[in-house]
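Below: the structure, in structure tokens.
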Amino acid sequence: IMEHIFIIGGTTFDHIVSMPEFPQPVPQTVHQASFQETTGSTGSGQTLCLTKLGVPNTLYSVLGDDIYGLQIIHHLRKEKVDFFYDIDPKGTERHINLMDAQGGRISIFITQSSEFPEVNLNLIKDVIQKSDLIVLNIISYCKLFIPLLAQYTKPVWTDLHDYDEGNYCLQPFIDASDYIFLSSDNLSNYKLTMQNLINKGKELVVCTHGKNGATLLTRQGEWMDEPALTDFAITDTNGAGDNFFAGFLYAYLLGKSLKECMKYATLAAAYCITSNQLVFEGLTSAFLEQEYKKTYTGHSY
């Protein structure tokens, strides 16, 4: 039986505007842009991908008692996600994402979650106890659960996203985690950052570089590079990092080698960008296994 994952934090309602290129920073009217609204944020992307891949998981977040919160609940329930939440008096967190045709994104947080909402700690404690692995997302209210997680010996995974060395807000998440993912977007020397994290006692650090693939470093000092799959047409890059993370976890829990985990992660991310949803609609474990064989072993059975 596969291990149970508890994903703490991360649902938003996103308003996504797609255009061929970002507008110049001058006052203007853009007469045509495609637009969609959907569930967003890292917890949603992770749970939707893991659920489609058949990995047992539970998602917890806070959202508003409002129309946006209802749409998130409806969407996640429809996708058979095991999801529970507390109500945020500030309402549901919402983002406007401007997307260009090259996969670039400008993300504007128009409302933010409360830092200290009232949370049902007992319920959260119950789920921590029955889970084998915790994903702690870097959302301000998730800091509330760090002291609770410290009482258990469950491995904690986190994704620091576009972390930069000077970001002290994320230090509590780094301290609480054993396995760390991040992107090299804001790092002048990503290898040094990865080495520093390993020196702090982390088991594993994975750094993603968008279309330039990803790099892994183990506690034993082993480096590994994995190229991105570049022949997938970009529809929408939202969720690619979360699918990479979830694809890696899926393979890791199946006992695959780290090299194989990087390939599964890369494949899940590649399919994500072909869809305008957070996760590729046709994703299942059978599909991923079939595509893995086709892509990496040259067999099409």
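The values are calculated or read from the model by the stated rules, or taken from the named source; none is laboratory data. This is a predicted model, so every value here is computed, not measured. Here the Cβ positions follow ideal geometry from the backbone for every residue, glycine too, while neighbour counts run over all protein chains shown. Surface areas here come from the heavy atoms of the whole protein model, side chains and all, with no ligands, DNA or RNA. Shrake-Rupley method; radii C 1.70, N 1.55, O 1.52, S 1.80 Å.
Evaluate the following for I73: is it modelled with pLDDT of 95 or more, among the β-branched types (V, I, T), over 17 Å from the mean Cα position of the chain (by Cα) and surrounded by 13 or more Cβ atoms within 10 Å (Cβ to Cβ)?
Answer is yes for this residue.
Scan the range 151-174 and report the pairs whose first residue is farther than 16 Å from T42 by Cβ and whose second residue is small (G, A, S) and surrounded by 13 or more Cβ atoms within 10 Å (Cβ to Cβ), with Cβ atoms within less than 7 Å and a gap of 6+ or a chain change.
Pairs that qualify, where the first residue is farther than 16 Å from T42 by Cβ and the partner is small (G, A, S) and surrounded by 13 or more Cβ atoms within 10 Å (Cβ to Cβ), are K154/S131.
When you go through (1) more than 16 Å from I139 (Cα to Cα); (2) in a loop (DSSP other than H, G, I, E, B); (3) open to solvent by 70 Å² or more (accessible area, probe 1.4 Å); (4) not small (G, A, S) one by one for E115, which number turns out not to apply?
Evaluating E115 over (1) more than 16 Å from I139 (Cα to Cα); (2) in a loop (DSSP other than H, G, I, E, B); (3) open to solvent by 70 Å² or more (accessible area, probe 1.4 Å); (4) not small (G, A, S) leaves (1) as the failure.
Out of all the residues in the range 288-300, is one or more at negative phi and touching a strand residue (DSSP E or B) at 6+ places or on another chain (Cβ under 7 Å)?
no
Filter the range 251-284 for residues that are modelled with pLDDT of 95 or more, hydroxyl-bearing (S, T, Y) and not in a loop (DSSP other than H, G, I, E, B); which is farthest from G54 (Cα to Cα)?
The selected residue is T266.
Which number in (1) free of Cβ contacts under 8 Å to residues at least 24 places away in the same chain; (2) closer than 14 Å to D242 by Cα marks the one condition that A286 misses?
Tallying (1) free of Cβ contacts under 8 Å to residues at least 24 places away in the same chain; (2) closer than 14 Å to D242 by Cα, A286 fails exactly one: (2).
Checking G64 against (1) surrounded by fewer than 16 Cβ atoms within 10 Å (Cβ to Cβ); (2) more than 20 Å from the chain's Cα centre (by Cα); (3) not acidic (D, E), only one condition comes out false. Which one?
(1)
Pick out the one residue from V127, V135 that is assigned to a strand (DSSP E or B) and within 18 Å of L148 (Cα to Cα).
It is V135.
Given the structure, is T208 among the hydroxyl-bearing types (S, T, Y), at pLDDT 90 or above, crowded, with 18+ Cβ neighbours inside 10 Å and within 25 Å of L98 (Cβ to Cβ)?
yes
Filter the range 57-86 down to residues that are touching a strand residue (DSSP E or B) at 6+ places or on another chain (Cβ under 7 Å) and either farther than 14 Å from T11 by Cα or among the β-branched types (V, I, T) (or both), then give me how many there are.
Residues meeting the conditions: 5.
Please work out if F109 is without any contact (Cβ under 8 Å) to a residue 24 or more places away in the chain and touching a Ser or Thr at 6+ places or on another chain (Cβ under 9 Å).
Considered against the rule, which asks whether it is without any contact (Cβ under 8 Å) to a residue 24 or more places away in the chain and touching a Ser or Thr at 6+ places or on another chain (Cβ under 9 Å), F109 comes out as yes.
What about F145, is it part of a strand (DSSP E or B), out of contact with any His (no Cβ under 7 Å at 6 or more places or on another chain) and under 30 Å from N120 (Cβ atoms)?
Considered against the rule, which asks whether it is part of a strand (DSSP E or B), out of contact with any His (no Cβ under 7 Å at 6 or more places or on another chain) and under 30 Å from N120 (Cβ atoms), F145 comes out as no.
Name every residue in the range 39-55 that is open to solvent by 10 Å² or more (accessible area, probe 1.4 Å) and either among the charged types (D, E, K, R) or in contact with a strand residue (DSSP E or B) (Cβ under 7 Å, 6 or more places away or on another chain) (or both), in order of residue number.
If the condition is that a residue be open to solvent by 10 Å² or more (accessible area, probe 1.4 Å) and either among the charged types (D, E, K, R) or in contact with a strand residue (DSSP E or B) (Cβ under 7 Å, 6 or more places away or on another chain) (or both), then S41, T42, T51, K52 are the ones that fit.
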